[in-house]
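Peer 1: One structure, as structure tokens, below. Some questions next.
What follows draws every value from the coordinates through simple rules; no lab data is involved. In this text the structure is predicted, and so the values were computed from the model without any measurement. Virtual Cβ from ideal backbone geometry, glycine too; neighbours counted across all protein chains shown.
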Amino acid sequence: MRLLLLAAVLGIALAARVSYDGHKVLRVNPTDDQLALLMQFKNRPGFSFRNEPRRTGANLDVMVSPEQHAAFLSFLKEKNIGFHVLFDNIQTLIEAEDRRQRPMSKVPRAISFDQYYRYDEINSYLEELAAKYPNLVTLESIGKSYEGRDMVVIKISSGGSGTRPAILIDGGIHAREWIAPATALYVIYQLVENNAANSALTDAVDWYILPVLNPDGYEYSHTADRMWRKTVSVTPISGCPGVDGNRNFGFHWNEVGASDYPCYEDYAGEVAFSEIEARNLRDFALAHKEQIKLYLTFHSYGGYLLYPWGYTSELPPDWHTLQELAADASLAHLNAGGDPFTIGSSTNVLYAAAGGSDDYMKGVAGIELSYTAELTDTYYGFQLPAELINETVTRFFESVRVFGSYVKENF
Ligand code: 0X9
Ligand code: ZN
């Protein structure tokens, strides 16, 4: 009883949550041939591929259930595939996160970057900013999510005409990538609450930031399943809800690197833009497409700055510009104490996957500069401990500064 009370007070639905007790994360170092063999395990019950390397020599991180562990180890040994155990029990990381989570409060204390905020808290913060900085901030709900949550875009603009160049940022299309909304929130914090120091970034450029693009999934990853990636909409298979939002955009939709099967993590949806969240973002971007010059979508993990295309290994004609700007952003990250990013087109440096928001923004909305930022190093994966948020977001803000200055100087 006491425990339940505590759970209620903490806002944690302990009873209903998926347990990952005994789930290990193995970092496997396959050769190209071995990787082909390993692909048979993708989407098998008890396995979750956290990334899918393309480059020779890159790691593959696999989460394995306790039931599958022994057989998988034998397989790795038999095929002589190198690996090491990254986490012995992923549930211990989840529990460490829970212990750090403080009770939800309607009005958050001063914002800080040593904790992950829930959807309601993030929106309260945005409202607080709108009330406090009416000359700089306006809020717009770009529509409701599947479960009826507002998708709130904060516009940060110091004035001027509607023809100023703008930057569109979103985070959290993948529910479990908690550092993504946290980073978007930090950009908001710096541009608004620390505007005196950052006014050069807002005096000629407008910013549209949607910190939680998949609010239902984000909340679900807090209350029910820490490893949730998708939206939560009903699919043709009962018991397998959700679509991969980043496979749902209507540009070369479902051509490669996506699944038709609703139970898989990279399910593309029944049709392009089946998901209301993807449609809402699409409509917003199209309505502002003349103004938006750069799109940044935050994901984790791995330390990549990716540009289109994800649907083909061919490069866009202006790939040099995309590459050079990303290199400058990466250098700023390095100078701030972070690691350099791996830079390249999604297909060429990560894997081919069509239906991503980045490809759509460039290919259809005509936003020339479009990037996916895979934030953070690879060790903790999706469960970057809250005490590492601060250094992650402060370093990445230096990259954001580079993107902002580029737009200011070139449009
Ligand atoms: O697979 C994805 O959607 C992204 N990686 S993640 O681990 N965060 O899921 C990469 C997306 C890159 N862009 C495209 N493929 N269009
Ligand atoms: Zn992602």
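Peer 1: Helix by helix, which DSSP H runs in the chain go 15 Å or more along their axis at the Cα atoms and have an average Kyte-Doolittle hydropathy of -1.0 or more?
Peer 2: 66-78, 90-100, 119-132, 179-192, 276-287, 319-335, 389-410
Peer 1: Just want the ordering: SER238, SER405, SER199, from fewest to most Cβ atoms lying within 10 Å of their own Cβ.
Peer 2: On the way: SER238 8, SER405 16, SER199 12.
Listing SER238, SER405, SER199 from fewest to most nearby Cβ atoms yields SER238, SER199, SER405.
Peer 1: Can you give me the long-range amide H partners of SER345? Hydrogens built in the peptide plane at 1.01 Å from N, cutoff under 5 Å, separation of 5 or more residues or another chain.
Peer 2: TYR307
Peer 1: Ok, one more. Is the stretch 171-219 best put as rounded, prolate or oblate by its Cα gyration tensor, with a ≥ b ≥ c the root eigenvalues, rounded for a/c under 1.5, and otherwise prolate when a/b is larger than b/c, oblate when not?
Peer 2: prolate
Peer 1: What ranking do ASP359, ASP206 get, fewest neighbouring Cβ atoms within 10 angstrom at the top?
Peer 2: With the fewest neighbours first, ASP359, ASP206 line up as ASP206, ASP359.
Peer 1: Under a 5 Å amide H to amide H cut-off, with H placed in plane at 1.01 Å, what residues pair with GLY171 once short-range neighbours are removed?
Peer 2: HN-HN under 5 Å from GLY171: LEU210, VAL212, LEU213, PHE298.
Peer 1: If the limit is 26 Å between Cα atoms, which of LYS24/LYS79; LYS132/LYS230; LYS42/LYS362; LYS132/LYS289 go over it?
Peer 2: LYS132/LYS230; LYS42/LYS362; LYS132/LYS289
Peer 1: Going by C-beta contacts inside 10 Å, put HIS23, HIS299, HIS252, HIS84 in order with the fewest on the left. If you can, show how the numbers build up before the last one.
Peer 2: Numbers: HIS23 21, HIS299 25, HIS252 18, HIS84 9.
Least crowded to most crowded, the residues run HIS84, HIS252, HIS23, HIS299.
Peer 1: Taking 0.36 nm per residue of separation and subtracting the Cα-Cα distance, what length does fully extending THR394 through ASN89 add?
Peer 2: Taking 0.36 nm per residue and subtracting the Cα distance, the gain is 106.8 nm.
Peer 1: How long are the semi-axes of the ellipsoid equivalent to the stretch 24-99, from square roots of 5 times the Cα gyration tensor eigenvalues, in whole Å, largest first? Please report the intermediate quantities before stating the final value.
Peer 2: Working: eigenvalues 98, 37, 24 Å².
Three semi-axes, in Å: 22, 14, 11.
Peer 1: Related question: Let me have the relative contact order for the stretch 24-99, percent, based on Cα pairs under 8 Å that are six or more residues apart.
Peer 2: That works out to 45 percent.
Peer 1: Rounded if a/c is under 1.5, else prolate if a/b is larger than b/c, else oblate: which is the stretch 333-411, with a ≥ b ≥ c the root eigenvalues of its Cα gyration tensor?
Peer 2: Oblate, since a/c reaches 1.5 and b/c is not below a/b.
Peer 1: Would you mind giving the three semi-axes, in whole Å and largest first, of the ellipsoid equivalent to the chain according to its Cα gyration tensor?
Peer 2: On the way: eigenvalues 207, 134, 83 Å².
Taking √(5λ) for each eigenvalue gives 32, 26, 20 Å, largest first.
Peer 1: Per DSSP H run of at least 4 residues, take -39500 (n - 2.57); add these up for the chain, divide by its residues and hand me the 222 nm value, nearest 500 deg cm²/dmol.
Peer 2: -11000 deg cm²/dmol
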